[in-house]
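The values are calculated or read from the model by the stated rules, or taken from the named source; none is laboratory data. In this text, all values refer to a predicted model and were calculated from it rather than measured experimentally. So basically every Cβ, Gly included, is an ideal-geometry build from the backbone, and we count neighbours across all protein chains shown. Only protein heavy atoms, including side chains, enter the accessible area calculation; ligands, DNA and RNA are left aside. Shrake-Rupley method; radii C 1.70, N 1.55, O 1.52, S 1.80 Å.
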Amino acid sequence: MRRLGILLSGRGSNFLAIHRAIADGRIQDAEIAVVISNKPEAGGLEAARSLGLTALAIPQEGKGQAARQAHDARVITALSDFNVDLVCLAGYMRIISPAFVAAFSNRILNIHPSLLPAFPGLDAQHQALEYGVKVAGCTVHFVDEAVDHGVIVLQKTVPVLDDDTADTLSARVLEQEHIAYPEAISYVLSGRFHIVGRRYLPL
Ligand code: GAR
């Protein structure tokens, strides 16, 4: 049984999609070992508790680089304490440190609501509308030291409609996120892939 650690900062709909996929067998031989949030008030933590999962709030204490590193160290310790095999960032609105990436080398996934490398960072759907793209989507990728940058596991697309707002586009992208993340996790856990340069390829 592989153990997933979920990190989130908000409502946790991607976490819930992963949970459903485990329950109905789309992700096999895996369990959610722990859900961690930097925001004690995150809806996703409450949802995790009501599902009977272990949910931890680990807020950053203080400001500055030292506080940031201390926070990451506490999160790494918690993930290690729960013997996590794969870390899934699910709306975790923090940049994680190189030490964190090194501690879980090639074992951290993230989902981002754009077709990377377009529109990294915040408000991706707003950026997509401002730019005027006709196709939007989401990306599941491995996490490396750079923001929204690691090797891409899979992407899903949605059309941008003429009357879209950031909210309507986000909702359409989110539906695809809920399909994409479980698919990507299942794929990665299967181990049936290799990485050539930046390309994630089936074996
Ligand atoms: C999702 O749209 C996710 O792609 C995005 O935050 C949202 C979290 O929603 N993540 C990022 O923007 C990361 N750069 P959720 O809490 O309902 O899963």
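Relative to the longest principal axis of the Cα atoms of the chain, helix 166-190 runs at roughly 50 degrees. Just checking the listed ones, I76, I185, I32: in the Gaussian network model of the chain with Cα springs under 10 Å, the one fluctuating most is I76. Once both axes come from the Cα atoms, what is the angle between helix 13-23 and the longest principal axis of the chain, in degrees from 0 to 90, rounded to 10? Relative to the chain, helix 13-23 is tipped by roughly 70 degrees.
Under a Gaussian network description of the chain, with springs only between Cα atoms under 10 Å, the residue in G137, G150, G64 that fluctuates furthest is G64. Between Y131, Y181, Y92, the GNM of the chain built on Cα springs shorter than 10 angstrom shows Y131 fluctuating the most. The calculated P(r) of the range 93-147, using every Cα pair and 10 Å bins from 0, goes 23, 47, 24, 7 in percent. Summarising the strand pairing of the chain, around 45 percent of its internal DSSP beta bridges are antiparallel. Spin-label pair A99-Q65: with each label point 7 Å from Cα along the Cα-Cβ axis, the two points sit 1.2 nm from one another. For the range 132-203, relative contact order (Cα pairs under 8 Å, six or more residues apart, normalised by length) works out to 30 percent.
For L45, the shell of other residues with beta-carbons less than 13 Å away shows a net charge of +1, using +1 for Lys and Arg and -1 for Asp and Glu. Rolling a 1.4 Å probe over the heavy atoms of the protein chains gives the chain an accessible area of 49 Å² per residue.
On the principal axes of its alpha carbon atoms, the chain extends 48, 42, 37 Å, with the longest extent given first. Evaluated at 4 °C with a viscosity of 1.567 mPa s, what Stokes-Einstein diffusion coefficient in µm²/s does the range 1-96 have when Rh comes from the Kirkwood expression over alpha-carbon pairs? Roughly 96 µm²/s, to the nearest whole number.
Given a 1.4 angstrom probe, I'd like the percentage of the accessible area of the chain that is carbon and sulfur, rounded to a whole number.
Carbon-and-sulfur percentage of accessible area, whole number: 54.
Given axes a ≥ b ≥ c from the Cα gyration tensor, I'd like to know whether the range 67-109 is rounded (a/c under 1.5), prolate (a/b larger than b/c) or oblate. Because its axes are fairly even, with a/c under 1.5, the range 67-109 counts as rounded. Ranking of L45, L189, L129 by solvent-accessible surface, largest first: L129, L189, L45 (1.4 Å probe, protein heavy atoms only, all chains present). Computed over neighbours whose Cβ is under 15 Å from that of P159, the net charge equals -1, Lys and Arg +1, Asp and Glu -1. Assuming R0 = 30 Å, can you tell me the calculated FRET efficiency for the pair A166 and L51, based on Cβ-Cβ distance, to the nearest 0.05? Here the calculated transfer efficiency is 0.50. Judged by the ratio a/c of the largest to the smallest principal axis of the C-alpha gyration tensor, the range 63-170 counts as prolate, that ratio being 1.5 or greater while a/b is larger than b/c. Entry note, the chain: the mean residue ellipticity at 222 nm calculated from DSSP H runs of n ≥ 4, each adding -39500 (n - 2.57), is -12000 deg cm²/dmol after division by the residues and rounding to the nearest 500.
When the Cα centres of the range 4-31 and the range 139-203 are compared, how far apart do they sit, in Å? First find each Cα centre; the distance between them is then 15 Å.
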